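Have a look at the structure below before the remarks.
No lab work stands behind these numbers, since they all come straight from the coordinates. What you see is a predicted model, and the numbers here were worked out from it, not measured in a lab. All Cβ positions, even for glycine, are placed from backbone atoms using ideal geometry, and neighbour counts span all protein chains on display.
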Amino acid sequence: MSRILVWDLPTRVFHWLLAASFFGAYLSDDWLVLHVVLGYTVLGLIAFRLAWGLAGTRYARFSSFAFGPRRVLAYLRSLAVLRPERHVGHNPAGSWAIWALLALGLASAASGWLALQTHWHWLKELHEGLSNATLAVVVVHVAGVVASSLLHRENLARAMVDGIKEGKPEEGIRGSVWVVGILLAALVAGFWTAAWRGDLPAVTRAAAEREHQRDD
């Protein structure tokens with residue numbers, strides 16, 4: 001066993017930007033323009049992840065963590081008896097959390113956009129319900145990361161920072177794909193800067209109008 005590169009930079013940048021954008025949006029419901037900008041960010045990040053799940057490196061691809069119910073149950077049993085299966089990439093339980101977060105993120109962003117355009121109250125309620133469901137999955141995911149880190153005796157959160165885990169040399173990926181990761185971070189930073197300056201009226205107009213009506 002040696003220290004190998006598992007998570008490429010685009011996957012790591014996506015992970016932390018999605019976490020920051022979701023929590024920022026969840027906590028900024030009273031600042032609608034910020035809420036909407038972060039919601040668009042979540043939508044764009046998920047669109048990127050769907051593409052990267054097809055074109056990314058070995059462990060970023062969806063094919064590497066397409067586990068069925070039997071594999072998930074077997075993994076959970078291995079945790080229960082304190083003899084966890086080891087997976088270099090995503091483990092079966094963690095993979096299901098990822099699928100749920102992607103699906104809920106898309107549904108939450110779509111329902112939020114529709115609620116903003118139509119002013120239909122039931123859509124706002126649906127949006128809030130989906131956001132709360134996403135938060136619940138996040139909590140379960142974090143708890144799973146902590147439990148797996150303790151049982152596997154490896155820091156899974158740190159691995160999502162530096163991309164390094166322990167494994168056989170042939171199990172590692174060849175490189176971090178720095179260009180794509182930096183470009184993703186730059187695009188998000190550019191979008192936030194443009195929104196802050198007011199250069200994206202098509203994105204923020206409806207939210208600004210709704211916020212103004214609420215203040216009146």
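The table below lists the values:
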| read-out | value |
| --- | --- |
| Cα pair count fraction exceeding 31 Å, expressed as % - the chain | 27 |
| Kirkwood-based Rg to Rh ratio, region 1-102, C-alpha trace | 1.06 |
| Radius 13 Å from Cβ of Leu5, net charge of other residues (Lys, Arg +1; Asp, Glu -1) | +1 |
| Dipole magnitude of the chain, debye to nearest 20 (Cβ charges: Lys/Arg +1, Asp/Glu -1, about Cα centre) | 1060 |
| MRE, 222 nm, helices only [DSSP H, n ≥ 4, -39500 (n - 2.57), over the chain, to nearest 500] | -25000 deg cm²/dmol |
| Peptides 196-207, 13-24 ordered by average Cβ neighbours within 10 Å, highest first | 13-24, 196-207 |
| Angle between the chain longest axis and helix 121-152 axis [Cα atoms, degrees, rounded to 10] | 20 |
